[in-house]
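Working notes, structure below.
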Amino acid sequence: MGLRGSMSKEFWHSGLRFSCQQCSDCCRHAPGFVFLSKLDLKKLILFLKLDFSLFYSKYLKQVDIGTGISLSLTEKPNHDCIFWEAGGCTVYPARPIQCNTYPFWESIIENEEKWKAEATDCPGIETGLLKDRSSIEDSLWRRRRNKPIEIPYEMAGEGLDEDSILGGSGVNSNANDT
Ligand code: SF4
Ligand code: SF4
């Protein structure tokens, strides 16, 4: 067994077909959450060259996930992602890991039934290029190493700043580059 463990019995051990058709459905039209890891937050701030507090107030919302508070990108009134524009994702080079690794999430490739169910929402699934097992494992690994920020309830609310979120030891989320 390697460092990452054996996954040879997964239904996707021979790879899965996926090619984004650029329909933008996963970025638009319906309410949703794009949760950020610390690394995502750092990359977006650098990419947009914005001050942390300005980025926070303009692009982030707090979401109660039951065990703490996570940070999601805001949406436009029509439920498009705040970063979607007519040409597509305006922060594409710095898009969050949640976006970058879709649809190779544990929850989607947990079994073949879930994978096929997801294909009803995403026309890129089961078409085009074969993603091999190691690149699927890489997506899973990157998500595990960069989990969404989770702020303890007692820290949420007033007073959250760059230090408390990105540097604070009380905020759960690692920030490992990929
Ligand atoms: S729904 Fe699927 S095909 Fe459409 S943009 Fe998203 S990933 Fe690409
Ligand atoms: S950040 Fe970009 S890729 Fe992610 S949901 Fe928003 S527009 Fe889509």
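Could you list, in sequence order, all residues of segment 100-115 that are open to solvent by less than 20 Å² (accessible area, probe 1.4 Å), of a type outside the set (A, V, I, L, M) and away from ligand 2 (no atom under 16 Å from the Cβ)? Of everything in segment 100-115, just one residue is open to solvent by less than 20 Å² (accessible area, probe 1.4 Å), of a type outside the set (A, V, I, L, M) and away from ligand 2 (no atom under 16 Å from the Cβ), namely W115.
Regarding segment 23-37, can at least one residue be identified that is part of a loop (DSSP other than H, G, I, E, B) and more than 16 Å from ligand 1 (Cβ to nearest atom)?
If we filter segment 23-37 for residues that are part of a loop (DSSP other than H, G, I, E, B), which is where we start, we get 23-24, 28-34, 36-37.
Filter once more, keeping what is more than 16 Å from ligand 1 (Cβ to nearest atom): 36-37.
Yes: segment 23-37 contains one or more residues that are part of a loop (DSSP other than H, G, I, E, B) and more than 16 Å from ligand 1 (Cβ to nearest atom).
Take L166 and tell me if it is surrounded by 14 or more Cβ atoms within 10 Å (Cβ to Cβ), part of a loop (DSSP other than H, G, I, E, B) and either of a type outside the set (D, E, K, R) or modelled with pLDDT under 90 (or both). Write out each step before concluding.
Values: surrounded by 14 or more Cβ atoms within 10 Å (Cβ to Cβ): yes; part of a loop (DSSP other than H, G, I, E, B): no; either of a type outside the set (D, E, K, R) or modelled with pLDDT under 90 (or both): yes.
Considered against the rule, which asks whether it is surrounded by 14 or more Cβ atoms within 10 Å (Cβ to Cβ), part of a loop (DSSP other than H, G, I, E, B) and either of a type outside the set (D, E, K, R) or modelled with pLDDT under 90 (or both), L166 comes out as no.
Of everything in segment 31-46 that is within 11 Å of ligand 2 (Cβ to nearest atom) and surrounded by fewer than 19 Cβ atoms within 10 Å (Cβ to Cβ), the residue that is farthest from P148 (Cα to Cα) is G32. If the condition is being of a type in the set (F, W, Y) and part of a helix (DSSP H, G or I), then segment 88-119 contributes Y92, W115. Residue pairs, Cβ under 9 Å, 6 or more apart or interchain, first in segment 89-102 and free of Cβ contacts under 8 Å to residues at least 60 places away in the same chain, second within 8 Å of ligand 2 (Cβ to nearest atom) and aromatic (F, W, Y). List them. Close Cβ pairs satisfying both conditions: T90/F83; T90/W84; V91/F83; Y92/F83; R95/F83.
For segment 116-136, a residue qualifies if it is at pLDDT 95 or above, more than 13 Å from S14 (Cβ to Cβ) and open to solvent by less than 80 Å² (accessible area, probe 1.4 Å), and the qualifying residues are A117, E118, A119, C122, P123, G124, I125, T127.
Could you tell me whether S53 is open to solvent by less than 50 Å² (accessible area, probe 1.4 Å) and modelled with pLDDT under 95? Here the answer is no, as S53 does not meet what is asked. Residues that are open to solvent by 80 Å² or more (accessible area, probe 1.4 Å) and in a strand (DSSP E or B) within segment 56-87 comprise Q62, D64, E85, listed in sequence order.
The values are calculated or read from the model by the stated rules, or taken from the named source; none is laboratory data. This structure is a prediction, so every number in the text was calculated from the model and none was measured. Every residue, glycine among them, receives a Cβ derived from its backbone with ideal geometry; neighbour counts consider all protein chains shown. Accessible surface areas use protein heavy atoms only, side chains included; no ligands, DNA or RNA. Shrake-Rupley method; radii C 1.70, N 1.55, O 1.52, S 1.80 Å.
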